[in-house]
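The values are calculated or read from the model by the stated rules, or taken from the named source; none is laboratory data. Predicted, not measured: the structure shown is a model, and the values here were computed from it. Positions of Cβ are backbone-derived with ideal geometry, glycine not excepted, and every protein chain shown enters the neighbour counts. Keep in mind that these areas ignore ligands, DNA and RNA; they rest on the heavy atoms of the full protein, side chains included. Shrake-Rupley method; radii C 1.70, N 1.55, O 1.52, S 1.80 Å.
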Amino acid sequence: MPEYDTHKLSVYANFVDLYDFDSNGQIIKQIVKALEKKKVERQDEILFAILLNVLQQGIEEKKDSEAKGLVDLGKQLNVLPEFFLYRELLTFYEELIAYHSDKKEMHLKKCELILESFEWGGMPTFGKEMTKFFNKYKEK
């Protein structure tokens with residue numbers, strides 16, 4: 001896509017699983033470069049969604065070292081109250097990737113606290129799905 005707008009980015013956010021992790025990484029680099037030149041409406045929200053979907057994919061494909069760069073990119077995005085869930089998921093993925101690297105239990109504890117917060121925040125179904133993901137991918 002030579003130019004990105006809110007619609008094109010939203011469509012891509014919903015279909016990142018059509019591409020492998022490496023291709024998604026290249027697409028994200030192109031998007032970030034294009035958005036530096038021309039901002040679009042809701043760009044941080046949509047970038048969070050894209051990054052989180054691709055981070056999940058990176059963990060599934062066991063590409064933790066490559067995924068760390070996406071975590072760093074996510075940390076640069078503006079965190080508004082309505083983006084809290086995105087930021088919390090970013091921290092979840094960051095801690096899971098860190099656990100894969102150093103096997104320190106504190107990373108798992110942080111992931112578990114985040115998963116509990118979904119229950120407390122009134123999102124039990126989402127929390128159960130994330131717990132399934134966590135249980136499946138916490139051990140590489």
For segment 44-77, enumerate the residues that are of a type outside the set (A, V, I, L, M, F, W, C), under 21 Å from S117 (Cβ atoms) and either assigned to a loop (DSSP other than H, G, I, E, B) or open to solvent by 90 Å² or more (accessible area, probe 1.4 Å) (or both).
K75
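Looking only at segment 78-92, count how many residues are open to solvent by less than 20 Å² (accessible area, probe 1.4 Å) and of a type outside the set (A, V, I, L, M). Show your work before the answer.
Applying the first criterion (open to solvent by less than 20 Å² (accessible area, probe 1.4 Å)) to segment 78-92 yields 83, 89-90, 92.
Of the ones still in play, those that are also of a type outside the set (A, V, I, L, M) are 83, 92.
Matching residues across segment 78-92 total 2.
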Mind checking which pairs have a first residue in segment 21-39 that is closer than 17 Å to V11 by Cβ and a second that is open to solvent by 40 Å² or more (accessible area, probe 1.4 Å) and not in a helix (DSSP H, G or I), Cβ under 9 Å, 6 or more apart or different chains?
I27/M1; I27/Y19; Q30/M1; I31/M1; A34/M1; A34/P2; A34/E3
Being modelled with pLDDT of 95 or more and among the basic types (K, R), is that true of even one residue in segment 108-126?
yes
Top-ranked residue of segment 3-21 - restricted to ones that are among the aliphatic types (A, V, I, L, M) and crowded, with 18+ Cβ neighbours inside 10 Å, ranked as farthest from E60 (Cα to Cα)
L9
Might you check whether a residue that is open to solvent by less than 30 Å² (accessible area, probe 1.4 Å), touching a Ser or Thr at 6+ places or on another chain (Cβ under 6 Å) and at pLDDT below 95 occurs anywhere in segment 26-43?
yes
For L96, all conditions in the list (1) of a type outside the set (K, R); (2) modelled with pLDDT under 95; (3) closer than 28 Å to L18 by Cβ hold save one; what is the number of the exception?
(2)
Within the bounds of segment 118-139, is there any residue that is among the polar types (S, T, N, Q) and touching a residue at least 24 places away in the same chain (Cβ under 8 Å)?
no
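Among the listed residues I46, I114, I59, I50, which satisfies the condition of being in contact with a Ser or Thr (Cβ under 7 Å, 6 or more places away or on another chain), within 25 Å of V11 (Cβ to Cβ) and among the hydrophobic types (A, V, I, L, M, F, W, C)? Lay out the reasoning, then the answer.
On the way: I114 fails: within 25 Å of V11 (Cβ to Cβ); I59 fails: in contact with a Ser or Thr (Cβ under 7 Å, 6 or more places away or on another chain); I50 fails: in contact with a Ser or Thr (Cβ under 7 Å, 6 or more places away or on another chain).
After applying the criteria, what remains is I46.
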